[in-house]
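The values are calculated or read from the model by the stated rules, or taken from the named source; none is laboratory data. Being a predicted model, the structure only gives us computed values, none of them experimental. Quick reminder, even Gly has a Cβ in these numbers, built from the backbone with ideal geometry, and neighbours come from all protein chains shown. These accessible areas exclude ligands, DNA and RNA; they are computed on the full protein's heavy atoms, side chains included. Shrake-Rupley method; radii C 1.70, N 1.55, O 1.52, S 1.80 Å.
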Amino acid sequence: MFIGRQKELETLAGQYTKNEFSFIPIYGRRRVGKTQLIEEFIRDKSAIFFTAINKGTYKQNLELLSKAIFGGDENYAVFNDFYDALEHIHNRAQKEKLIFVIDEFPYLADADKSVLSLLQQFIDLKFLKTNIMLILSGSSLSFMENQVLGYQSPLYGRRTGQIKLLPLDFQTARQFAPSLNKVDQAVMYGVTGAIPKYLSLFSDTLTLDENIKEQYFDRNAYLFEETDNLLKQEFNEPSLYKSIITAIATGGSQMKDLVGKTGEESSTVATYMKSLLDTGIVKKEVPAMDKPGSRKTLYRLEDGMFRFWYRFVYPNVSLVSLDKGNMVYERIKPQIPGFMGEVFEKLCIEYMWSIYDQLPFAFQNIARWWGNNPNQKSQSEIDFIAYIDNENEQKAILGECKWHKDALEFNEANFFLEKCDMFRQFKQKYFYLFSKSGFTDSVKELAARRDDINLIDFADMFEQM
């Protein structure tokens, strides 16, 4: 069953209905659902769907393209070269509305360095005179952004749209296991990173605990070896990448931490880090209101599945391999609420965007903040800040997100408000407190006395979207 991606399907449908040439690059990390999206879109349309193969030769890819062009004909002929194959597609597109898909396009470009220029030539001289719809799909974010969409690309300026496919939002992810309660759905969202492939592995007939044990703590499970498989697909020598990911998962967040934990030179770590950033496994953060390149830059695991696996599975691989997965899970289960703290921050920010038109003012970005608090003479963190700061307006929304089993207490709320007092550059401040388990009466009374405090219970989030 295909779930979600309605906006992306609408974008593709809008391009398809134009009686002219269209070119849509689609890109995103592996398993995010690019192929499924394309298959859902083309299933009732005339299309040629060709998937290039990793480390395949020119000849192998030409054979696969030829087979895709001739569909179910077992006696298909292999074209002499890609030029002849594209010429055949061009001739066919003159007679009918045709979708031509090259899935995993970076693999084809690696096998044939001239394919980008060849596609440019066909677009400019032939495809533009037809109403063919060209879709290039790829999992290599850096390749797609630089070699397909970038200014230096032969294809630059020829796209009529593009889709960067991201993990699913919480409301859509919930649909994969509707029988789970909302708290368990949030954990499912967190441990899968909201990646459709991983969400599809969770059974709606099992409990959350049963699903996690079955997918992560069984040596034969799909997700037990998924991180290794992905790294091997992306990188020729994944060992140092694993070391960097492990260092981040175990608390390393600054470059100096990663250098110390891996034992490598900072220049080496920086080079490998760039590749991890390109794949979307790792993200680089600076505090809200700091400029890119800030000395406060931190590195975090952006991919929820990697974050869960390296935090809980990696240290216990030997035991899981000995079929001790149930024992391991019972030991790590009490630590999952701590893992969910960062996930809840992400959910709260997602919720803020979803109610954007109901908020006190319009802002352009929302992000975490950390740094020195001169009032408290200590380091402080704010889960998120959204702000506007110009000559006409100085306003901020400051957020606190608590994934606790108990209701958020008065001393927690008061401590948060005291931390926020340092941001005196904002003439108006609004405080949004989020809690998994509600709020004590004293916190409710505090909010009732003030018009700048908003209390949001997780039970009420995403219900009216």
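Some notes on this structure:
- Förster-model FRET efficiency, 51 Å R0, LYS274 and TYR16, C-beta, rounded to 0.05: 0.90
- Label point distance in nm, GLU210-THR297, each placed 7 Å from Cα along Cα→Cβ: 4.7
- Helix-only mean residue ellipticity at 222 nm for the chain, each DSSP H run of n ≥ 4 adding -39500 (n - 2.57), per residue, nearest 500: -12000 deg cm²/dmol
- Length gained when the stretch PHE235-ARG92 is fully extended (0.36 nm per residue, less Cα-Cα span): 47.7 nm
- Estimated at 0.36 nm per residue, the fully extended path between LYS67 and ASN411 surpasses their Cα-Cα distance by 117.1 nm.
- Charging the Cβ of each Asp and Glu at -1 and of each Lys and Arg at +1, and nothing else, the dipole of the chain about its Cα centre rounds to 720 debye.
- Overall Cα dimensions of region 187-256 - principal axes, largest extent first, Å: 45, 25, 21
- Across region 1-159, the fraction of Cα-Cα pairs farther apart than 26 Å, rounded to a whole number, is 21%.
- Cα centroid separation, region 97-167 to region 206-264 (Å): 32
- Three semi-axes of the equivalent ellipsoid, region 203-330, Cα gyration tensor, whole Å, largest first: 30, 16, 13
- Which listed pairs, of LYS182/LYS444; LYS7/LYS182; LYS242/LYS377, have C-alpha distances above 26 Å, in listed order: LYS242/LYS377
- Partner aspartates and glutamates whose Cα lies under 16 Å from the Cα of LYS296, excluding those fewer than 8 positions away in the same chain, are identified as ASP257, GLU285, GLU381, ASP383.
- Element breakdown for the chain at a 1.4 angstrom probe: carbon and sulfur atoms account for 46% of the accessible area.
- Distance between modelled label sites at ASP44 and SER200, nm, 7 Å Cα→Cβ extension: 2.1
- Region 136-194: proportion of alpha-carbon pairs further apart than 15 angstrom, %: 59
- ASP421 versus GLU391: modelled label distance in nm, points set 7 Å from Cα along the beta carbon direction: 3.3
- Accessible area (Å², per residue) of region 230-366, counting only protein heavy atoms and a probe of 1.4 Å: 50
- Per principal axis, descending, Cα span of the chain in whole Å: 76, 62, 49
- Look at the alpha carbon pairs under 8 Å that are at least 6 residues apart: their mean separation over the length of the chain gives a relative contact order of 11 percent.
- VAL320 sits among other residues whose Cβ lies under 9 Å from its own Cβ, and their net charge, with Lys and Arg +1 and Asp and Glu -1, is 0.
- Rounded FRET efficiency, nearest 0.05, which uses the C-beta distance separating GLN335 from LYS242 and R0 of 25 Å: 0.70
- Taking a sphere under 12 Å around the Cβ of ALA362 and counting the other residues whose Cβ falls inside, with K and R at +1 and D and E at -1, yields a net charge of -1.
- Stretch gain in nm, segment ASP460-LYS283, where the contour uses 0.36 nm per residue and the Cα spacing is subtracted: 60.8 nm
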